[in-house]
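Participant: Have a look at this one before I ask anything.
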Amino acid sequence: MKALYNYLKEVAFAFVSLANGLLLTLKYFVTPWKSIITENYPDNRNNPSVADEFAGEVILIHDENNEHKCTACTLCQLACPNNSIQIISKQVETEDGKKKKVLDKWVYHLEMCTFCKQCIDACPQDAIKMTNSYELSCFDRSTLTKILNQPGSKLKEKPKVTAKVQE
């Protein structure tokens, strides 16, 4: 008897849920001008309403002097779950004879990216960020592999701190 009661209760709940959905659909059908929730994308291409949290593509931030903050630590590459980031570095010798690792190429495979932002969170220098660009489709897959460091770019030098000697 209890099983029959539970069955009838679930059937009644299903009809109530169906009625709620139909009433919501009827509300949108009767008053469509009050709640426009879609965009006319091809017509409204220049001014879409894209949320600030939208994850488009990864970029390497450069300043006006063509300098970036990437130290080629490869933490973003390690954090990427599907290996869409490839950091290629080289060893250079500094003036004082020490060897230093320098960024050679920052390769980004957009076709493999899941836009999870784990690389952004892993970067200790805040050298990369996600843009709001949403038009990422193309006809040639080879255009989706991008080298993010600009030609001739270099690492931004940290300001040297000098200690004041008190007399």
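The values are calculated or read from the model by the stated rules, or taken from the named source; none is laboratory data. None of these values were measured; they are calculated from a predicted model. Please note: Cβ atoms are built from the backbone with ideal geometry, for glycine as well, and neighbour counts cover all protein chains shown. Quick note on the areas: whole protein, heavy atoms, side chains included, nothing else; ligands and nucleic acids left out. Shrake-Rupley method; radii C 1.70, N 1.55, O 1.52, S 1.80 Å.
Participant: Might you check whether a residue that is among the small types (Gly, Ala, Ser), assigned by TED's automatic domain parsing to the domain that holds Asn83 and open to solvent by 50 Å² or more (accessible area, probe 1.4 Å) occurs anywhere in the range 125-135?
Facilitator: Taking the range 125-135 as the starting set, the residues that turn out to be among the small types (Gly, Ala, Ser) are 127, 133.
Imposing the further condition that a residue be assigned by TED's automatic domain parsing to the domain that holds Asn83 reduces the set to 127, 133.
Pick out the ones that are also open to solvent by 50 Å² or more (accessible area, probe 1.4 Å) and you get none.
No, every residue in the range 125-135 fails to be among the small types (Gly, Ala, Ser), assigned by TED's automatic domain parsing to the domain that holds Asn83 and open to solvent by 50 Å² or more (accessible area, probe 1.4 Å).
Participant: Next question. What are the residues in the range 63-83 that are in contact (Cβ under 8 Å) with a residue 60 or more places away in the chain, open to solvent by less than 40 Å² (accessible area, probe 1.4 Å) and closer than 24 Å to Cys116 by Cβ, if any?
Facilitator: Of everything in the range 63-83, those that are in contact (Cβ under 8 Å) with a residue 60 or more places away in the chain, open to solvent by less than 40 Å² (accessible area, probe 1.4 Å) and closer than 24 Å to Cys116 by Cβ turn out to be His68, Cys70.
Participant: Go through (1) of a type in the set (Asp, Glu); (2) surrounded by 11 or more Cβ atoms within 10 Å (Cβ to Cβ); (3) modelled with pLDDT under 90 and name the single condition Asp104 misses.
Facilitator: For Asp104, the failing item is (3).
Participant: Let me ask you something else. Under 8 Å between Cβ atoms, which residue pairs at least 6 apart in sequence (or on different chains) link something in the range 25-54 that is modelled with pLDDT under 75 with a partner that is in a helix (DSSP H, G or I)?
Facilitator: Ser35/Tyr28
Participant: Looking only at the range 51-62, which residues are open to solvent by 50 Å² or more (accessible area, probe 1.4 Å) and of a type outside the set (Phe, Trp, Tyr)?
Facilitator: Kept after step one, since they are open to solvent by 50 Å² or more (accessible area, probe 1.4 Å), are these residues of the range 51-62: 51-54, 59, 61.
Matches in the range 51-62: Ala51, Asp52, Glu53, Ile59, Ile61.
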